[in-house]
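Beneath this line is the structure, given in structure tokens, with notes to follow.
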Amino acid sequence: MDEEKSRDEAIKFVTETVHGSDVRFVRLWFTDILGNLKGVALNVAELENSLRDGMTFDGASIGAIARSEESDLVLIPDPSTFKVLPWRPSDGAVGKMFCDVYRPDGTPHLGDPRAILKSNLEKAYQLGYTFLLSPETEYYYFKNSCTTEILDSAGYFDQTASDIGTELRRETVLALEDIGIPVEYSHHEVSPSQHEINLRHTDALTMADNVMTYKLAVKEIAQKHGIHASFMPKPIEGFHGNGMHVNMSLFKGEVNEFYKDGGTSEDFISDTAKYFIAGLMKHAKEITAVTNQWVNSYKRIVSGYEAPGHISWSNLNRGDLIRVPSYRKGREKSVRIEYRAPDSACNPYLVFSVILAAGLSGIVNKYDVPMPVDQDINKIDQSQRVSENIESLPTNLSEALHYFENSELMYNCLGEDAFNNFIKNKKLEWTEYSRHVSSYEIDKYLPML
């Protein structure tokens, strides 16, 4: 009853807001299995009907969400996600709502990434946990969509008065805050023309919605100024890739379960956090196809660019797969772990789902956490890695898919429909890539063979 009352109140708020403003259209948003944002622009005259009954669409036409035999699906808007988009024209404003995808019989569509995340969050809730997240999502600004020509020569945390990217980032932050997405901070990243905006931590479902909105805002505001923004994992050889480092914690009520009460400045994470880390490490290879789902993703996971290539954890090093950031006394709620493999082009609903599933498996089964690595993982030679049982992450999409499709954990996490649909889409991508003759091959082999 409380959920129904809350939804009714949210519907009332949406309809009153729309009818008391110049909003002409409302975008109904959802994502496919690959994390592509999909949607339909709804005339406000149809808003109340759609809020009450949903909106039917042809799911079979969206190959990365439904099986071909599933022709009719229904979008049910989530009125709590309604906002007016500030980057749209003021004459005839546009609103947006995220939607859940249902079948015509009223049951959730099992291939909907938002539904998958809800299902995994329910598993955490049954154990008493709330999953909180704060991702660090990086991107590049380029002069247009047909080139990787950069806009500046700045580096990490640089402040340059003439940098158009800084102004675009500032406008994006203001737009996000206008629609209720709080930003913790933003800055120029390590490589030229690379930027990062960090969203304030919140629950995983809200954060997944926020990440999708954030990525669209970055792109639309850049486009308005004739600039192209890209979340491609590795757009430029020799530059850093675009990561999405995920900072996370589990709470029970107001208590951070990752903090060890009475711990020292060197040993402040709880057994729960260590079990969670152990789960992530045990299942790291299996979840990599989701956290790094594109062929290009594996060009980022190479030594020397702060992206993890090995399965290790540390309190110190940024080259490890998992890092435990330090905290200041009195801020125990900020104790967290950081999973550094995901890139910015991932599907946040699925990434948060698989990370949670892996971590919870560690807690439920009480996996033993390996010893942390106390030196730069990239400077350890192969023989030492073997002796210390430090394994590597998959080095390409095909290898990652091998671990994924043989994972019972991933099957249970995504469900049969999404699991098989994801594999089908990714195998198609790998086949296409394998057949492609690149300019590298032409330049290297044509003169000599």
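Stokes-Einstein diffusion of the chain at 20 °C, 1.002 mPa s viscosity, Kirkwood radius from Cα pairs, rounded to a whole number: 93 µm²/s. When the charge dipole of the range 118-441 is built from unit charges on Cβ atoms (+1 for Lys and Arg, -1 for Asp and Glu) and taken about the Cα centre, the candidate among PHE142, ILE227, GLY262 whose Cα reaches farthest toward its positive end is GLY262.
Computed on the chain, with alpha-carbon pairs under 8 angstrom and 6+ residues apart, the relative contact order is 15 percent.
Shown in residue order for the range 340-345 are the 3J(HN,Hα) couplings computed by the Karplus curve 6.51 cos²θ - 1.76 cosθ + 1.60 at θ = phi - 60°: 9, 6, x, 10, 6, 9 Hz (x for Gly and Pro).
If you take every residue apart from ALA273 with its C-beta less than 10 Å away from the C-beta of ALA273, what net charge results, scoring Lys and Arg +1 and Asp and Glu -1?
Overall, the nearby charge balance is +1.
Ranked from highest to lowest mean number of other Cβ atoms within 10 Å per residue, what is the order of the peptides 277-283, 246-252, 331-337? Mind showing how you got there, number by number?
On the way: 277-283: 23.3, 246-252: 20.6, 331-337: 18.0.
With the highest mean Cβ count within 10 Å placed first, the list reads 277-283, 246-252, 331-337.
Its DSSP H runs of at least 4 residues, each contributing -39,500 (n - 2.57), put the calculated 222 nm mean residue ellipticity of the chain at -11500 deg cm²/dmol, to the nearest 500.
The distance between label points at ASP158 and ASN389 comes to 4.5 nm (points 7 Å beyond Cα on the Cα→Cβ vector). Note on the chain: GNM, Cα springs under 10 Å; of LEU414, LEU121, LEU428, the largest mean-square fluctuation is that of LEU428.
From most to least packed by mean Cβ count within 10 Å, the peptides 105-116, 367-378 give 105-116, 367-378. Label separation (LYS123 vs HIS19): 4.3 nm, computed from points 7 Å beyond Cα along the C-beta direction. The mean sequence distance of close C-alpha pairs (under 8 Å, at least 6 residues apart), as a share of the length of the range 100-182, puts its relative contact order at 11 percent. Packing, taken as the mean count of other beta carbons within 10 Å per residue, orders the peptides 7-15, 306-314 from highest to lowest as 306-314, 7-15.
Each value in this text was obtained by applying a stated rule to the coordinates, not by laboratory testing. The structure displayed is predicted, hence computed values, not measured ones. Ideal geometry is used to build each Cβ from the backbone, glycine not excepted, and the neighbour counts take in all protein chains shown.
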